[in-house]
Amino acid sequence: MKILGTYKYKWAIILQPQAMRELESLILRYYENPIYTAYLTNKNRVRFESLNELLEYDNTKGSEIKSLSVFGQLDFDSTAFHMIIRANRGVFVNYTSTVEIEYVVKSPDDELTLNSRLKSLFDKTKARYSAVGKISLSSVFMVALVAVLIYAFSVNLFSTAITLTLKSVLQVLGASALGSVINISGSLGLMYIFPSVVFNWGMQIEKSNRISALRTNIFWGVIISFVLSIIIYFITK
């Protein structure tokens, strides 16, 4: 008997070398000969014959690992285990999942334990900012747009006529274009500050430390601004 199953992990992850070793150890419980294929930011693809070879990759700027595929073999089936680690972008969220796995196992017990162990392992790699990182500015703008349209409709609900001038049309188009620019740049900024997948070895460690420091500075900047606004309110009241 063979069972074909799938597994998804839906939170941001930071993969350290130790986590990768634990992942390989888990894969080897059920499969043989794991092979790693990395897809880089410069669109190149690199195949690694061992985990040590993968972890020795320098991950330099311009050729960082963007996504990773892992294959495992079971009874001469070289694709019995196939895992893809990458950010799957969503429409209303920045990402829908970070790990997708298709697997073949021999029994329901194997499937149950495999899924449980995968969840336990990836929970240990879960980034603390996972929930914030899911926020999409597209959703925020959509909610704001709906609110504006509802308000505009309620204001003009009992109007006998609505006149559209060239100036008003241009204003709407201009506001839409500006909103799109802010949306795109803001989304890119959020994805940089709150990356959904981090392969944290080689030169990536230094980059991760810089981004972590930036998140800390932004957090304290927001807190200080909030406290100062309250103080100023009571002083000027």
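Values as computed for the structure displayed
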{"quantity": "The range 116-136 residues that are closer than 17 Å to R86 by Cα, paired with ones that are assigned to a helix (DSSP H, G or I) and not hydrophobic (A, V, I, L, M, F, W, C) (beta carbon under 6 Å, 6 or more apart)", "calculated": "L121/E22"}
{"quantity": "Residues (closer than 16 Å to L118 by Cβ and touching a strand residue (DSSP E or B) at 6+ places or on another chain (Cβ under 9 Å)) located in the range 13-53", "calculated": "I13, L15, A19, M20, L23, E24, I27, L28, Y30, Y31, P34"}
{"quantity": "Subset tally (residues that are acidic (D, E) and touching a residue at least 24 places away in the same chain (Cβ under 8 Å)) for the range 62-83", "calculated": "2"}
{"quantity": "Residue list for the range 32-46, filter: at pLDDT 95 or above and closer than 27 Å to V105 by Cβ", "calculated": "Y36, T37, A38, Y39"}
{"quantity": "Some residue of the range 27-48 being more than 17 Å from G72 (Cβ to Cβ), touching a helix residue (DSSP H, G or I) at 6+ places or on another chain (Cβ under 7 Å), touching a residue at least 12 places away in the same chain (Cβ under 8 Å) and among the β-branched types (V, I, T)", "calculated": "no"}
{"quantity": "The range 58-87: number of residues that are among the charged types (D, E, K, R), more than 20 Å from L4 (Cβ to Cβ) and part of a strand (DSSP E or B)", "calculated": "2"}
{"quantity": "The range 1-51 - residue that is assigned to a helix (DSSP H, G or I) and within 19 Å of the chain's Cα centre (by Cα) and, of those, surrounded by the fewest Cβ atoms within 10 Å (Cβ to Cβ)", "calculated": "A19"}
{"quantity": "Condition check for L74: in contact with an Asp or Glu (Cβ under 6 Å, 6 or more places away or on another chain) and more than 13 Å from Y9 (Cβ to Cβ)", "calculated": "no"}
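The values are calculated or read from the model by the stated rules, or taken from the named source; none is laboratory data. All figures in this text were calculated on a predicted structure; none of them were measured in a lab. Every residue, glycine among them, receives a Cβ derived from its backbone with ideal geometry; neighbour counts consider all protein chains shown.
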